[in-house]
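Beneath this line is the structure, given in structure tokens, with notes to follow.
Since every read-out is calculated from the coordinates, none of them should be taken as a lab result. Remember, predicted model here, so these are calculated numbers, not experimental data. Here Cβ is always computed from backbone atoms with ideal geometry, including for glycine, and neighbour counts include all displayed protein chains.
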Amino acid sequence: MSPRLTLEPVDNVPSDSQVCHYDELSEDAKEELPLLTVSDDVSVEGSIADGFHNCDLVKYTDYYEVSIV
């Protein structure tokens, strides 16, 4: 089963959050990120999900909360 990944925009960044910036992501994660910001609950390959595992939030055009199930 492929991991399901969701990115939700957030207005506030908690001080204890692990924030990853776009340029710190793997190439696979960078390619998928634009689609993930406009889609809900997307199935992704494990290698893409792995690129987000150390992140609570991703800084792209805005801050996005990462959820992997």
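Of note:
- Note on the chain: Kirkwood hydrodynamic radius from all Cα pairs is 11.8 Å, rounded to one decimal.
- In this label model, R4 and D62 are separated by 2.2 nm, measuring between points 7 Å along each Cα→Cβ vector.
- Entry note, the chain: the mean residue ellipticity at 222 nm calculated from DSSP H runs of n ≥ 4, each adding -39500 (n - 2.57), is -7000 deg cm²/dmol after division by the residues and rounding to the nearest 500.
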